[in-house]
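Asks: Sharing a structure here in structure tokens format.
Please treat every number below as a calculation from the coordinates, not as lab data. Bear in mind the structure is a predicted one, so any value in this text is a computation, not a measurement. Neighbour counts are summed over all protein chains in view; Cβ atoms, including those assigned to glycine, are modelled from backbone coordinates with ideal geometry.
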Amino acid sequence: VILFPGSDNSKMNVSWYSATESEPKVIVDEGIVIDGDAKEYKGYCVAAPDGDYSNKVTITDLKPGKTYSYQCISEGFISNVYSFKTDDGNNFSAVYMTDIHTSHDDANENGIKETAEKFNSTLSEAASRKKISLLLSAGDQASEGYETEYKGYSSALGLKSFPVATTIGNHDRKGIAYKTFNNVPNEREDNMVASYIGGDYWFVKGNVLFLVVDSNNASGMDHR
């Protein structure tokens with residue numbers, strides 16, 4: 001389970017993997033528990049490269065300065081209950097990372113596990129120092145673009161409490177799994193230069209407009 005920014009402060013995007021295809025939903029409630037007042041948000045499911053499925057849901061109608069609990073449900077899968085807190089006003093704190101490189105290694109069967117644990121540890125250390133509203137990940141979340149690498153990346157506990165805005169790195173482009181695992185808002189789908197793993201997208205956080213650019217695409221017209 002991993003959070004991505006919604007298009008503005010009132011939205012949050014969620015994605016998770018499952019073994020079977022179904023209509024996914026997220027149950028959301030204000031506070032630290034889910035009770036009878038919870039809302040249900042439905043999404044859609046897409047096939048992932050290795051035979052699994054990626055479920056994508058957008059949570060809407062979020063209010064500022066509130067704690068929300070949520071649970072992801074699809075056929076054969078019910079997640080733990082996680083929570084996130086929306087920002088109160090326009091102030092927020094963001095962490096910038098790049099080249100995280102969750103890495104498959106033919107010479108080390110524990111390569112993904114070890115690099116995923118390093119990422120989780122670094123993110124946890126950052127979150128212990130200051131409340132994080134957003135992670136900006138500037139490319140190369142994975143080393144080879146394998147789906148298993150993104151699963152390792154997505155296992156970080158922090159990514160269930162605050163959203164990550166990912167950028168396509170040249171290593172992400174080695175495979176086709178990047179587009180499957182993410183759930184970013186306002187993504188450009190009509191690139192003049194076709195991209196099989198995604199393109200530019202934008203979102204608003206507080207009073208800041210973020211423009212996320214795939215710098216691997218040399219088409220100035222696409223970015224314009």
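Asks: Mind checking the dipole of the range 1-124: about its Cα centre, +1 per Lys or Arg Cβ, -1 per Asp or Glu Cβ, Debye to the nearest 20?
Replies: Details: 10 positive and 20 negative charges, 85 e Å.
Computed charge dipole of the range 1-124: roughly 400 debye.
Asks: Moving to a separate point now. May I ask you to compute the full-extension gain from THR67 to VAL46, defined as 0.36 nm times their residue separation minus their alpha-carbon distance, rounded to one decimal in nm? Intermediate values should be presented prior to the final figure.
Replies: Numbers: separation 21, 0.36 × 21 = 7.56 nm, distance 2.94 nm.
Stretched fully, the THR67-VAL46 segment lengthens by 4.6 nm.
Asks: Moving to a separate point now. THR86 to ASP99: extension gain in nm, 0.36 nm per residue of separation minus the Cα-Cα distance?
Replies: Numbers: separation 13, 0.36 × 13 = 4.68 nm, distance 2.71 nm.
The span from THR86 to ASP99 would gain 2.0 nm if fully extended.
Asks: Under 1.5 on a/c is rounded, so check that first for the range 165-224, then, if it is not, pick prolate when a/b is larger than b/c and oblate when it is not; a ≥ b ≥ c are the square roots of the alpha carbon gyration tensor eigenvalues.
Replies: Note, shape of the range 165-224 comes out oblate.
Asks: Highest mean first, what order results for 93-102, 121-130 on Cβ atoms within 10 Å? Walk me through the numbers before you get to the answer.
Replies: Values: 93-102: 16.9, 121-130: 12.8.
Ranked by mean Cβ neighbours within 10 Å, highest first: 93-102, 121-130.
Asks: Can you give me the long-range amide H partners of THR102? Hydrogens built in the peptide plane at 1.01 Å from N, cutoff under 5 Å, separation of 5 or more residues or another chain.
Replies: ALA142, SER143
Asks: Students often get this wrong: which residues of the range 176-205 have the backbone nitrogen under 13 Å from the point 7 angstrom along Cα-to-C-beta of ARG224?
Replies: Correct set: 192.
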